[in-house]
Amino acid sequence: MMDLENRYVDFFYEKYQGRVAIGVGYDQDLSEIYPFVFSDTGGASLGGIALSPLSQDAGPVVYIFHFSSFNTHQGDGNIMLGELCRKADDYIITLSLSPIALANGNPDLMSSRQLEIWYSKFGFEGDICFRREPLGQDHR
């Protein structure tokens, strides 16, 4: 049944053809999920994002399995998450994620608490699992 969720995910995986050759999880059909490489309008690679639709009775939901900028503290994450949120509003999709920081040996990366604060600026709310409900047409 997941029509809107699949269309939303397909939009991004078709728009951004580059892939990161590492699996970050499995979807509900047990297919491995790979991040796509998000690039700006000039073609510069900004980061990796992995998405998968979720089947839920509450409505269309897409889970963000992986979200990372290749270069931190330059606004690339804002650009990337901004596009995810705008399209979620267009498709009327709820976005979900777990704001867990993985330093990967880089002490300059955000902590989990800093990530929670950053995601909340884009409308995400929650405890362990954050959700962002789509904004209606009258809120844009």
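Some notes on this structure:
- Per the listing 16, 8, 63, the residue uniquely touching a residue at least 60 places away in the same chain (Cβ under 8 Å) and open to solvent by less than 80 Å² (accessible area, probe 1.4 Å) is 8.
- The range 114-140 - residue that is at pLDDT 90 or above and basic (Lys, Arg) and, of those, farthest from residue 81 (Cα to Cα): 131
- Meets criteria (of a type in the set (D, E, K, R), under 21 Å from residue 7 (Cβ atoms) and loosely packed, with under 11 Cβ neighbours inside 10 Å) for residue 57: yes
- A Cβ distance below 7 Å, combined with a sequence gap of six or more or placement on separate chains, defines the contacts here; from the range 26-40, residues that are more than 15 Å from residue 62 (Cβ to Cβ) reach residues that are open to solvent by 100 Å² or more (accessible area, probe 1.4 Å) and among the charged types (D, E, K, R) in the pairs 34/19; 37/19.
- When 98, 69, 39 are screened for being open to solvent by less than 80 Å² (accessible area, probe 1.4 Å) and within 19 Å of residue 134 (Cα to Cα), only 98 passes.
- First in the range 74-97 and under 19 Å from residue 37 (Cβ atoms), second anywhere and open to solvent by 30 Å² or more (accessible area, probe 1.4 Å) and among the small types (Gly, Ala, Ser), Cβ under 6 Å, 6 or more apart: 76/69; 77/69
- Residues (farther than 16 Å from residue 115 by Cβ and at pLDDT below 95) located in the range 62-72: 70, 71
- Within the range 123-140, residues that are closer than 23 Å to residue 66 by Cα and open to solvent by less than 80 Å² (accessible area, probe 1.4 Å) have Cβ atoms under 6 Å from residues that are among the acidic types (Asp, Glu) and at pLDDT 95 or above in these pairs: 134/89; 135/89, counting only partners at least 6 apart in sequence or on another chain.
The values are calculated or read from the model by the stated rules, or taken from the named source; none is laboratory data. No experiment lies behind these values; they were computed from the predicted model shown. A quick note on method: Cβ atoms are made from the backbone with ideal geometry, for glycine too, and the neighbour counts reach across all protein chains shown. Protein only, heavy atoms only, side chains kept; ligands, DNA and RNA dropped before computing areas. Shrake-Rupley method; radii C 1.70, N 1.55, O 1.52, S 1.80 Å.
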